[in-house]
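Contents: one structure, followed by commentary.
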Amino acid sequence: MTSNGIPALRAAPPGRVYLVLLAGLLAVSLGAIFARLAQDAGLPSLLIAAGRLTISALLLTPFVLIKHRGPLRELGRRDLTLAAGAGLFLALHFATWIASLEYTSVLISVVLVSTGPLWVALLEVVFLHARLNRLIVLGLGVAFAGGLAIAVAGAGGAEGSNPALGAVLSLIGAVTFACYLVTGRKLRGKLSLWPYVWLVYSCAAGFLITLVIITGTPVRGFPAEGYFWVLLMALFPQIIGHTSFNFALRYLPATYVGIAGQLEPIGSGLVALVAFGEDPTLGQLAGSALIVAGVLLATLGLSRRRES
């Protein structure tokens, strides 16, 4: 424990923590790839989102109920309301982001949905009256310039069937993910990682299953490989990716881990280039690079603001 009450970082085995962090980055980078493959197999995007969260929650249920039943019993009505709110935003995040992959390229979709830190900064200004420091303002400006560059670049080989709709859905996914983070912050302070994510995943899965029922989305009759890709989505980006990043947080500053997480668009874009032949234009690459740079600057700015 440090002098200011923050738990001290542990000494990690040489190189091991970086290998785990790299494995986590590779795992989350496959999320968009598995979603696109499930879509190519005919599965509706809403079913893919519901399947990912439902399987993840079910996989965690035995472990959480055995190891963390006590803290869950102590939650009050307000805590459960926060969990439901965070779960609703997380459900909207996955529903809109996965749907965006139907209309735009993997690279553009993942770059835009990864702008969550920018929206977190803005939400904190609106609701928590926080101030924007220079790094956050610079990050917002650089990311905005990147968005303009992508818009000016126009259609390309990796653009998709309806790039404007795909971009809007992906941005909604980024905003709702930021809302999920802000909403669940108080509850996260009361629960350790696994009971928290299990509770929120379960709430999100419940909302998505309800949407599947209300909209009459078909759940049967698709090729087996489609369901297989959904299973891999739950195992790799959701469980393995999340576990790896949180393991790294025990040994590395949160800023470093956050920056590593923002490298996901690079991994997803490279895999999409090989798997789907998505060859972005120079303007799309330049715009994506600017957005990623802007998000990294905002991540550093958020970290410094919270430290101060």
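Give me the residue from the range 269-281 that is part of a helix (DSSP H, G or I) and closer than 15 Å to Val111 by Cα and, out of that set, farthest from the chain's Cα centre (by Cα). Talk me through it step by step, then tell me what you get.
Going residue by residue through the range 269-281, those that are part of a helix (DSSP H, G or I) are 269-276.
If we keep only those that are closer than 15 Å to Val111 by Cα too, we end up with 269-273.
Numbers: Gly269: 16, Leu270: 18, Val271: 18, Ala272: 18, Leu273: 21 Å.
Selected residue: Leu273.
Where residues in the range 65-105 are surrounded by fewer than 22 Cβ atoms within 10 Å (Cβ to Cβ) and among the β-branched types (Val, Ile, Thr), which of them is nearest to Leu43 (Cα to Cα)?
It comes out as Thr81.
Report those helices (runs of 4 or more DSSP H) wholly inside the range 164-268 carrying at least 2 residues which are closer than 23 Å to His68 by Cα. Quick ask: steps written out before the conclusion?
Details: elements: 185-190, 193-215, 224-233, 241-248, 254-261.
By residue number, 185-190, 193-215, 241-248.
Over 15 Å from Ile240 (Cβ atoms), modelled with pLDDT under 90 and not in a helix (DSSP H, G or I) - does that describe any residue in the range 15-22?
Residues of the range 15-22 that are over 15 Å from Ile240 (Cβ atoms), as a first pass: 15-18.
Then keep just the ones that are modelled with pLDDT under 90; that gives 15-18.
Those left that are additionally not in a helix (DSSP H, G or I): 15.
Yes, there is a match, as at least one residue in the range 15-22 is over 15 Å from Ile240 (Cβ atoms), modelled with pLDDT under 90 and not in a helix (DSSP H, G or I).
For the range 279-289: of the residues being surrounded by fewer than 23 Cβ atoms within 10 Å (Cβ to Cβ) and at pLDDT below 90, which is nearest to Thr115 (Cα to Cα)?
Initial filter on the range 279-289 (surrounded by fewer than 23 Cβ atoms within 10 Å (Cβ to Cβ)): 279, 281-283, 285-286, 289.
Next cut, at pLDDT below 90 only: 279, 281-283.
On the way: Asp279: 22, Thr281: 21, Leu282: 21, Gly283: 19 Å.
Among them, the one singled out is Gly283.
Looking at the range 66-89, which of its residues are among the aliphatic types (A, V, I, L, M) and under 20 Å from Gly184 (Cβ atoms)? Talk me through it step by step, then tell me what you get.
Step one: filter the range 66-89 for residues among the aliphatic types (A, V, I, L, M), giving 66, 72, 75, 80, 82-84, 86, 88.
Within the range 66-89, Leu72, Leu75, Leu80, Leu82, Ala83, Ala84, Ala86, Leu88 qualify.
Can you say whether Ile214 is β-branched (Val, Ile, Thr), at pLDDT 90 or above and closer than 16 Å to Val20 by Cα, as far as the supplied structure shows? Can you show your working first?
On the way: β-branched (Val, Ile, Thr): yes; at pLDDT 90 or above: yes; closer than 16 Å to Val20 by Cα: no.
No; evaluated as a whole, the condition is false for this residue.
Consider Phe228 carefully, then state whether it is under 30 Å from Leu19 (Cα atoms) and either aromatic (Phe, Trp, Tyr) or in contact with a strand residue (DSSP E or B) (Cβ under 9 Å, 6 or more places away or on another chain) (or both).
Values: under 30 Å from Leu19 (Cα atoms): yes; either aromatic (Phe, Trp, Tyr) or in contact with a strand residue (DSSP E or B) (Cβ under 9 Å, 6 or more places away or on another chain) (or both): yes.
Yes, satisfied.
For the condition in contact with a helix residue (DSSP H, G or I) (Cβ under 8 Å, 6 or more places away or on another chain) and farther than 27 Å from Leu270 by Cβ, what is the one hit in Leu46, Leu26?
Working: Leu26 fails: farther than 27 Å from Leu270 by Cβ.
From the options Leu46, Leu26, the qualifying one is Leu46.
Within the range 284-304, is even one residue more than 18 Å from Gly139 (Cβ to Cβ) and over 17 Å from the mean Cα position of the chain (by Cα)? Reasoning before the result, please.
At the first step, the residues of the range 284-304 found to be more than 18 Å from Gly139 (Cβ to Cβ) are 284-285.
Cutting the leftovers down to over 17 Å from the mean Cα position of the chain (by Cα) gives us 284-285.
Within the range 284-304 (the criterion being more than 18 Å from Gly139 (Cβ to Cβ) and over 17 Å from the mean Cα position of the chain (by Cα)), the answer is yes, since at least one residue qualifies.
Right, Trp119: within 16 Å of Pro237 (Cα to Cα), aromatic (Phe, Trp, Tyr) and touching a residue at least 24 places away in the same chain (Cβ under 8 Å) or not? Lay out the reasoning, then the answer.
Details: within 16 Å of Pro237 (Cα to Cα): no; aromatic (Phe, Trp, Tyr): yes; touching a residue at least 24 places away in the same chain (Cβ under 8 Å): yes.
Answer is no for this residue.
What are the pairs, 6+ residues apart or on separate chains, where a residue within the range 194-215 that is within 13 Å of Leu46 (Cβ to Cβ) has its Cβ under 8 Å from a residue that is among the polar types (S, T, N, Q)?
Note: pairs meeting the criteria are Ala205/Thr54; Ala205/Ser56; Leu208/Thr54; Ile209/Thr54; Leu211/Thr217.
What do you reckon, is Leu297 crowded, with 16+ Cβ neighbours inside 10 Å and closer than 17 Å to Gly160 by Cβ?
Numbers: crowded, with 16+ Cβ neighbours inside 10 Å: yes; closer than 17 Å to Gly160 by Cβ: no.
No, not satisfied.
The values are calculated or read from the model by the stated rules, or taken from the named source; none is laboratory data. Just so it is clear, the structure is predicted and the values come from calculations on it, not from any experiment. With ideal geometry, Cβ positions are generated from the backbone for all residues, glycine too; neighbour counts draw on all protein chains shown.
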